[in-house]
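Report on the structure given below.
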Amino acid sequence: MGLNIRAILKVFGIMTLIEGLFMLPASAIGLFYEEWNAVGSLFTISIICISIGFVLITQLRFDKIILRTRDGYFMAFASWVYCSILGAMPLYIYGMYGMDFSFINCLFESVAGFSTTGCSVLDINTLPNCMLIWRGFCHWLGGMGILVLLISIFPLWGINNQSLAKAESPSADSVKMESKSTDMGKFLYSSYLALSVLEFILLLIGPMDWFNALLATCSSISTAGLIITPDSAWMYQTLYSRIVIMMFSILSSLNFVIYFLAARKKIKDIFKNNEIRTFFVIIGIATALVALSLRLSGTYSSIWQAVRDGLFQVVSFVTTSGYYVCDYTSWPAFTTTILIILLFIGGCSFSTSGSLKVIRVMVLFRLIRRGFLQQIHPNVVKAVMLDERTLVPARMASSIASHTILFFIIFILGCVLLSFNNFDIETTVTTSIGMFSNTGMALGIPGSSGYFGMFNQFSQIVMCFLMIAGRLEIYAMVIFFAKSFWKPDTAVHI
């Protein structure tokens, strides 16, 4: 049975329309700053997207559209590639006005935005304000996930969405909520929007102007991070701005189900969540180790300064937001090792952060502990427990183990492909995990700048695939390239 092409085209039409609509406020900001060339490119692509989306939506009419599992997995990967290509077009058209932008450069910028990686291969100091805002909107849309937004509005178009929900976010929570994915999608984006508005207001109270407050909000609430320009650096250096950005980076890295529980006044259940408790323990231990290392090594003369900068960078790495307020590459090797370890862990499941996620790391350690026990007592039968009440099903434990193996295979493959640039091993390895974890941070040549323009275009394509694979949590992209996906008759089940 083939893909439901007509249904998929209609979904693409909805995505095209939404992306075109988001380009309009960016165009308006360009008008405010009198950035005529940039406005022309943004507005032109916006009108084209809105027109194409409207035609696809109105011409492809169904009483009810059913998206099967294969359709969902196809959409999960293809939609991110498609939206990234559309998002690259305004920048590419603008680059024709005397700017040296290749399409691969522009595609990298767009993928880095929608995947919430937040890095760049362009000199952002040369970009007009409306293009910076458009990058910020890409971060914001990619934060909760383009498909979560679609899931929340699919009933308006008569589309069944359960397969799509499972394909984009194959976590335990998403599987539980498939039957109510529409209501959950609406609630998630309502929570996401409410947090965004609250952060924007709080940043305005501080030293930031509305433009930088909007950029910081879009980038921190999505855990995308932001390359800070020299002119605005002082706004991010203040203690108040740091606290607000850290707070909302953490809030976005928590399992968004807790906001659903909070709305139902189940506060006790939130504090009982073992993943969230472990997440904060990781932040606490990492901050203590980093601060002590910075102070004892003489990098900082004050323990307060060590804690202040150490905490910010720990939060930045573990939430995969990728902010930087100091040159962490000059810190002691022990400190940077801790930060790189945090890149592999990431935030909580069903959040905007990337990487392995805390829940998987917890299950892996419990599987390892059970393995040791079974070596000592071969006949023992021991279940894997997250806590005293939560049993990890064997199927889920197996899925997490295979996901982790696949995670490291792709990470190593990324290292191999990026090594063709012939940069040092530190640059190559940390760039691979920086892209795959959607952090956009690295050591070596890129340093703390978030700039990766020194890589050739082949490597930029590799990094695009790493970013998308990390954002889709691997399976939705890998399945796309499986033979059994395109020839389901050759597979036992798909």
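All of the numbers you see were taken from the coordinates with simple rules; none came from a lab. Just so it is clear, the model here is predicted, and its values are computed rather than measured. Positions of Cβ are generated from backbone atoms using ideal geometry, with glycine treated the same way; all protein chains shown enter the neighbour counts.
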If you bin the C-alpha pair distances of the chain every 10 Å from 0, what whole percents do you get? 4, 19, 31, 28, 14, 4, 1, 0
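Based on the Cβ-Cβ distance of M96 and W304, what FRET efficiency does E = 1/(1 + (r/R0)^6) give at R0 = 41 Å, to the nearest 0.05? Kindly include the intermediate steps, with their values, before the conclusion.
Working: r = 50 Å, r/R0 = 1.23.
Calculated transfer efficiency: 0.25.
By count of other Cβ within 10 Å, fewest leading, how are H377, H139 ordered? Spell out each step's value before the answer.
On the way: H377 10, H139 28.
Taking fewest neighbouring Cβ atoms as first place, the list is H377, H139.
Quick one: order R264, R68 by neighbouring beta-carbon count within 10 Å, fewest to most. Could the numbers behind the result be given before it?
Numbers: R264 9, R68 16.
Ascending number of Cβ neighbours within 10 Å: R264, R68.
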Placing +1 on each Lys and Arg Cβ and -1 on each Asp and Glu Cβ in the chain, then taking the dipole about the Cα centre, the residue among F22, T69, Q375 whose Cα reaches farthest towards the positive end is Q375
Summing -39500 (n - 2.57) over every DSSP H run of at least 4 residues in the chain and dividing by its residue count gives a helix-only mean residue ellipticity at 222 nm, to the nearest 500 deg cm²/dmol, of -21500 deg cm²/dmol
Work out the FRET efficiency for W36 and A288 from their Cβ-Cβ distance, taking R0 = 51 Å, and round it to the nearest 0.05. 0.45
Compute the Rg to Rh ratio over the range 410-493 from the alpha carbon atoms, using the Kirkwood formula for Rh, and round to two decimal places. 1.10
